[in-house]
Amino acid sequence: MLGYLTRRFLTALVSVVLASLLVFSALLLVPGDPAVVILGMNAHPEALAALRTRLGLDVPPAQRYVQWLAGVVRGDWGESLQFGRPVAALIWVRLGVSVPLALGAATIACLIALPLGIWAALRRGSATDPIVILASQLGAAIPSFWLGLLLILFFAVELRWLPAGGFPGWDRSPIDSIRALILPILALGLGQAAVMTRMTRAAMLDVLGQDYVRTARAKGLPQRSVIYKHALRNALVTIVTILGLSLTNVFIGSIVIEQVFALPGLGRMALTAIGNRDFPLLQGAILVYASTIVMLSFLVDASYGLLDPRIRYG
Amino acid sequence: MSGTRLNLVLGGWLIGLVVGGALLSFVWLPHDPNRLDFAAQFAAPSAAHWLGTDHFGRDLFSRVLIGARGTLYVGVIAVGIALSVGCFVGAVAGFVGGVLDEVMMRLVDVLYAFPAILMALLLAAVYSPGTLTAMIAIGLATVPIFARLIRASVLSIKGRDYVEAGRALGARSPRVLGVYILPGAVSPIVVQASLSLAVAVLAEAALSFLGLGTPPDVPSWGNMLREAQGFMALSPYPAVVPGLAIMLTVLGWSLLGDGLRDWLDPTTRR
């Protein structure tokens, strides 16, 4: 088990390094001199030279990459060109909005999808089953940012129950900050719930069709015991995979939702960084997203052994 | 009607509507989609404007029809990129095996860490954001799905007797792959292409909404939603209409994909 986890962790680490290489290399492809791209054609030569030094453009790319990566490991992610502050600190502050948003959306999605998916699987063929299937098909087709606009239209513009956008900040007003996140969490979580409901239903149906479930039923075990002790435990491996996927989806989906609700999160900052040609900040933000996806995938793999003792590790 | 048939028919109808609308826009539009008419700002649906108008008085139906073109164009090209690159990588990796397989699939795995929006952010930093970068971003982000799918199919087919017979008859590797193995992998590719088109439509709309896709001056569903965002208190139609168009198109591709999967799978076909 430990050997498998170590190997899997090292593979994830290699993926993170390769992802960082991709991010770094992509920005090397910026046509022309990045300093001119950032400061403009009419910039003073001294300002251009200073920026080149600041961006590390005066050293070879390979050396620059190693320096950057070493800095990332040490927590020195460079300095934002727009804000003039350390990139790591800026990202940390923005994660204070993006992470609660993603976790809230994933929680809502799980709270709806897991019971509903299991319930639909247990009632396969009943009158309610097609309704759940149709609702989940429709829900999965709704773009989260459109759902966000509809929620604003109804709950903020019509009913005036919740704010249409903005974020006061955790230190200024925690209650208002939570209120500001309710609609974004719903917009992001409801669509994900639809996707997860379909997957959970399919996973449960798969397990319910297995011989050992039929045997458990034939032995006369109560329905509750068949479902919770035999079916659900075995479906958990698939459900955890779904959970990992959904966390990835909501974290990436938060980039669009932050824009809809004008939330000062990491995604919105990355979009601003593109407009301002703030490459160090953009590099850091993209690296955080990509590394999170890789690490979530590692955590999902790592959890398999805990959930299913049949999985043997070399 | 069985569930499989219902999915195929409903999905086919929805996609038929979108394709028909896009084709119709080349020969007929009720109004010029870019004509400003301030006397008709925020009009509700009527005989003159079937789906109402936006904040510039532009006809929403005409703009939705033009938007259908862009959605299909970006979706089909993006999935085409993913299919070509993914199939090549997956087929070669699965067929050759060994170190090449390991290296190619590790590189493909790295792409998993870059969903379409993230890839688009990266490309937008290098080149200007636009339709081309959106297509490439969506395409590259979808490559791993096709690569894994084809690799799995090739691995399961390449050991079969008729493939061995082909080799024994003197067929060279490219012929074995192209004539004996890949045709057996067509079904899952067709199904995945339809499902990926659903994801591509959502991704294109999201990128346009963020300003990373179709240029703002071209009517696209994502652009229409972005523009409508500031005027929702004045009229819901500019926000509701393009959103519905996106939802129905995504639903269409998903239903078609589900229907095709069940139809092509002999264990579920009745």
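The values are calculated or read from the model by the stated rules, or taken from the named source; none is laboratory data. A quick note: this is a predicted structure, and the numbers were derived from the prediction, not measured. Quick reminder, even Gly has a Cβ in these numbers, built from the backbone with ideal geometry, and neighbours come from all protein chains shown. Note: accessible area is taken over every heavy atom of the protein model, side chains too, but ligands, DNA and RNA are not part of it. Shrake-Rupley method; radii C 1.70, N 1.55, O 1.52, S 1.80 Å.
Which residue is farthest from residue A:176 (Cα to Cα), if the candidates are limited to the stretch A:251-279 and must be part of a helix (DSSP H, G or I) and more than 9 Å from chain B (Cβ to nearest Cβ)? The selected residue is A:272.
Any chance the stretch B:41-59 includes a residue that's away from every other protein chain (no Cβ under 14 Å), aliphatic (A, V, I, L, M) and not in a loop (DSSP other than H, G, I, E, B)? No. Of all positions in the stretch A:219-242, none carries a residue that is within 14 Å of chain B (Cβ to nearest Cβ), in a helix (DSSP H, G or I), in contact (Cβ under 8 Å) with a residue 40 or more places away in the chain and crowded, with 22+ Cβ neighbours inside 10 Å.
Please return the ranges of helices (runs of 4 or more DSSP H) entirely within the stretch B:152-270 where 3 or more residues are within 14 Å of chain A (Cβ to nearest Cβ) and over 17 Å from residue A:142 (Cα atoms).
B:237-264
The residues in the stretch B:66-110 that are within 14 Å of chain A (Cβ to nearest Cβ), of a type outside the set (Lys, Arg) and surrounded by fewer than 24 Cβ atoms within 10 Å (Cβ to Cβ) can be counted, and the count is 8. Set side by side, the residues A:65, A:4 differ, and just one is at pLDDT 85 or above, away from every other protein chain (no Cβ under 14 Å), in contact with a Phe, Trp or Tyr (Cβ under 7 Å, 6 or more places away or on another chain) and assigned to a helix (DSSP H, G or I), which is A:65.
Scanning the stretch B:141-190 for residues being over 22 Å from residue B:107 (Cα atoms) and modelled with pLDDT of 90 or more gives a total of 1. Number of residues in the stretch A:17-50 that are open to solvent by 70 Å² or more (accessible area, probe 1.4 Å) and not in a helix (DSSP H, G or I): the value is 5. The residues listed here are A:114, A:150, A:122; of these, the one that is open to solvent by 20 Å² or more (accessible area, probe 1.4 Å) and within 14 Å of another protein chain (Cβ to nearest Cβ) is A:150. Across the stretch A:56-71, the qualifying residues are those that are in contact with a helix residue (DSSP H, G or I) (Cβ under 7 Å, 6 or more places away or on another chain) and surrounded by 12 or more Cβ atoms within 10 Å (Cβ to Cβ), and the one among them that is farthest from residue A:35 (Cα to Cα) is A:69. Evaluate the stretch A:1-16: report whether one residue or more is without any contact (Cβ under 8 Å) to a residue 40 or more places away in the chain, among the small types (Gly, Ala, Ser) and surrounded by fewer than 12 Cβ atoms within 10 Å (Cβ to Cβ). No - not one qualifying residue is present in the stretch A:1-16.
The condition (being over 18 Å from residue A:290 (Cα atoms), in a helix (DSSP H, G or I) and basic (Lys, Arg)) is satisfied by just one residue among A:54, A:94: A:54.
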